[in-house]
Amino acid sequence: MPKNEIERQSAVERYDIFDDIQDENFDRITRLAAAVFQMPIALVSIIDRDRQWWKSRVGICDMEGKREHAFCAHAIMGEDVFVVEDAHTDERFTDNPLVTGNPNIRFYAGAPLITEDGFVLGTLCVIDTRPRDFSQADRLLLKDLAHAVMTEIALKEKEAQAKAFEALSVRDALTGALNRRGYDKEVPETIGRAVLTGAPMHMAVIDIDHFKTINDRYGHVAGDLVLKAMADLCMTSIRGEDRFYRLGGEEFAIVMPGVDIDGALLVLNRLMAQIRRQQVVLPDEVLTYRVSMGLTGLKPNDNLAAMYKRADQALYEAKGSGRDKIVICEKQHKVA
């Protein structure tokens, strides 16, 4: 594959629009193009390595076609509007199955969809089943409509980048857990839904026992390995609807919506057992560790600060009474 085609494919992948859902913003443009030029077919066509896929379409039912047959594969080779006024008299297309069979193309005009950095993703094209003339004014108008398509594509890319950045901004870089920002953003909403519906909810605050000693004895790299191992274990062990957060340092939280006290303890006791068995492999030895947990349930008219305070008080009780245990705030009940 030529270098420029490799770069073009990279641009197509960067915009991540292949096989995307249909979008009314693009459909408006294809409907407008079909109406303005009085053509039965109008397409927003994206060209991949071996196929063309229609982001928007008027006048055809298929979602994609083979690149080797695509008129648009010719149109993306330049920056100007590509026009075939009569495919029956153009030796490049006389035997093309899109000409000899459905959709019986006779006329084609395609304006390239050009990114800001000069790569062509595909075309906005109009097609007819009879020969047509296409004036210079028509070409300029089709280019304007293609520019409108690219404006929509660029907007979608920026929205996707913003969402990706937002997702990264609520993740802890070391452990991959949701961070304090994610906790402050999500948990109040979870509490609000539970209060509104009357559904149960529990929160556990978790702290790694003697973590400073681990850092002092084995070094901060070993401490980071423990943090990551503990987070990985928690994220793979909790229920699908639960949320796991790193609040800071060696402190974490698990939020468990829709679960009563017995269900919450089932999750935490299973997790505690797995942590006790986990081994963190260091260059010269194998390290084990323990955690303490404080657990609280949702109360009427609760909020995040109140729930955290109760869970933190239970955690303090767990650490003060020997560590490596779970304490439930409401009952001050210790679970081994």
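The values are calculated or read from the model by the stated rules, or taken from the named source; none is laboratory data. In this text the structure is predicted, and so the values were computed from the model without any measurement. Using ideal geometry, Cβ is built from the backbone for each residue, glycine included, and neighbour counts are taken over all protein chains shown. Areas reflect the complete protein model, heavy atoms only, side chains present, ligands, DNA and RNA absent. Shrake-Rupley method; radii C 1.70, N 1.55, O 1.52, S 1.80 Å.
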(message) Please go through the range 216-239 and give me each residue that is under 11 Å from I275 (Cβ atoms) and in contact with a helix residue (DSSP H, G or I) (Cβ under 7 Å, 6 or more places away or on another chain), ordered by number.
(response) V226, M230, L233, C234, S237
(message) Please verify whether Y316 is open to solvent by 80 Å² or more (accessible area, probe 1.4 Å) and among the hydroxyl-bearing types (S, T, Y), treating the condition exactly as stated.
(response) yes
(message) If I ask for residues that are open to solvent by less than 70 Å² (accessible area, probe 1.4 Å), out of contact with any Cys (no Cβ under 7 Å at 6 or more places or on another chain), closer than 16 Å to V83 by Cβ and touching a residue at least 24 places away in the same chain (Cβ under 8 Å), which ones from the range 121-136 would you list?
(response) L124, V126, I127, D128, P131, R132, F134
(message) For the range 279-323, give me each residue that is of a type outside the set (K, R), in a helix (DSSP H, G or I) and touching a strand residue (DSSP E or B) at 6+ places or on another chain (Cβ under 8 Å).
(response) M307, Y308, A311, D312, Q313, A314, L315, Y316, E317, A318
(message) Among the residues in the range 18-36, are any more than 21 Å from R132 (Cβ to Cβ), open to solvent by less than 30 Å² (accessible area, probe 1.4 Å), part of a loop (DSSP other than H, G, I, E, B) and acidic (D, E)?
(response) yes
(message) Return the pair list, or none, for Cβ contacts closer than 8 Å from residues in the range 137-165 that are farther than 13 Å from A33 by Cβ and modelled with pLDDT under 90 to residues that are assigned to a helix (DSSP H, G or I) and open to solvent by less than 70 Å² (accessible area, probe 1.4 Å), at least 6 apart or on different chains.
(response) I153/Y15; K156/Y15; E157/Y15
(request) Just give me the residues in the range 82-101 being open to solvent by less than 40 Å² (accessible area, probe 1.4 Å) and more than 25 Å from R28 (Cα to Cα), in sequence order. (result) D86, A87, D90, F93, N96, V99, G101
(message) Exactly one of these conditions fails for A111: (1) in contact with a Lys or Arg (Cβ under 6 Å, 6 or more places away or on another chain); (2) open to solvent by 10 Å² or more (accessible area, probe 1.4 Å). Give me its number.
(response) (2)
(request) At least 3 residues that are under 31 Å from the mean Cα position of the chain (by Cα) in each: list the strands (runs of 3 or more DSSP E) lying fully within the range 65-159 that qualify. (result) 107-114, 120-128
(request) Taking E157 as meeting all but one of (1) farther than 24 Å from D50 by Cβ; (2) surrounded by 15 or more Cβ atoms within 10 Å (Cβ to Cβ), write down the number of the exception. (result) (1)
(request) Name every residue in the range 66-81 that is crowded, with 21+ Cβ neighbours inside 10 Å, free of Cβ contacts under 8 Å to residues at least 60 places away in the same chain and farther than 16 Å from F119 by Cβ, in order of residue number. (result) A70, F71
(request) Go through (1) surrounded by fewer than 17 Cβ atoms within 10 Å (Cβ to Cβ); (2) over 25 Å from D48 (Cβ atoms) and name the single condition N104 misses. (result) (2)
